[in-house]
Amino acid sequence: MDKKKKIYLIGFMGSGKTSTGKKLSAILGWESIDLDKYVEVVAGKTIPEIFAEEGEAGFRKRESDALRALEAKNNCVISTGGGTACSNENIDYMLSTGYVVYLKLNPGQLKSRLVSGKVERPLLRGLDERQLLEFIKNKLESRESFYGKADIVVEGIIRDYRSVAMTIVNAMK
Ligand code: S3P
C-alpha cells in the first residue's frame, strides 16, 4: 500500500485538524474527510448524543469502526478526532495505511483555542478555565506517546492553516 495516498491528521482537540485538513485537501485536489462528522452521519446522532446515550466506550467503538470503514478510500485527507490515535490498535492501523501527521500545540495554545469550543466537546463540558488547562495538561501527557508515533510532527500552528498544509506537502516529498 502506498502510504502517501492517504493522510491522517492527528492531535489534541483544538489543534486545527479540521481546518488544516480542508486546506491540505484543496491543495492536493484530494477529498477531505472529517472522522467526527463521518461517525455522526453513520450513527444518525451528534457526538454529544452518542456520549450521553452510549458512553465514551460506545463512541470509541464507533470511531475505530469508522476509521476502518474508510480503508478502501485513497487520495483523501482524514481529520481524526483528538482521541482516535490514542490506542495502539488505531495508531498502528493509521501508520500502516497512510501518512500520519501530528499537529502539535502546547497546553496554553490549546486552552485559548478551546475555551469557546467546550459545548460541542463532551469531555470539556462544565470545566472552568483553570480546570480546562489542568485537563489539557493531564490528557495531553497521557496521549503524547501515541501522537508522537506520527510520521511527522508539525509544531505550533496558530492561524495560518495554508502554511501548515504546505509544510506537510513538502515533508511528504
Ligand atoms: C475527542 C475529540 C473530539 C471528538 C470527541 C472526543 C477526544 O474531536 O472526537 O469529542 O477524545 O479528544 P476534535 O479533536 O475534533 O475536537
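Values in this text are rule-based calculations from the coordinates and carry no lab data. Being a predicted model, the structure only gives us computed values, none of them experimental. Virtual Cβ from ideal backbone geometry, glycine too; neighbours counted across all protein chains shown.
A few notes on this one:
- Nearby aspartates and glutamates by direct alpha-carbon distance to LYS104 (threshold 17 angstrom, same-chain neighbours under 8 apart not counted): GLU141, GLU144, ASP151, GLU155, ASP160
- Helical segments meeting 18 Å axial Cα length and Kyte-Doolittle 1.6 threshold in the chain (DSSP H): none
- Candidates per GluC sites (Glu not before Pro) in the stretch 5-112, loop by DSSP, up to 12 other Cβ within 10 Å: GLU71
- Selection among GLN131, VAL115, VAL77 by position relative to the dipole of the stretch 6-172 gives VAL115 as farthest towards the positive end (Cβ unit charges, Cα centre).
- Residues ASP128 and SER163, FRET efficiency given R0 of 30 Å [Cβ-Cβ distance, rounded to 0.05]: 0.35
- Cross-link check: pairs LYS22/LYS173; LYS6/LYS137; LYS137/LYS173; LYS118/LYS139 evaluated at a Cα-Cα cut-off of 25 Å; pairs beyond the cut-off: LYS6/LYS137; LYS137/LYS173.
- Approximating the spin labels as points 7 Å out from Cα along Cα→Cβ, the MET172-to-ALA26 distance works out to 1.6 nm.
- Using bins of 10 Å that start at zero, the share of Cα-Cα pairs per bin across the stretch 6-172 amounts to 10, 41, 39, 10, 0, in whole %.
- 16 Å Cα-Cα reach of LYS61 towards lysines, excluding residues that sit fewer than 8 places from it in its own chain: LYS37, LYS45
- Each of LEU103, SER163, LEU24 was placed along the dipole of the chain (beta-carbon charges, centred on the mean Cα), and the one lying farthest toward the positive end is SER163.
- When only the Cβ of Lys, Arg, Asp and Glu is charged (+1, +1, -1, -1), the dipole of the chain relative to its Cα centre reaches about 520 debye.
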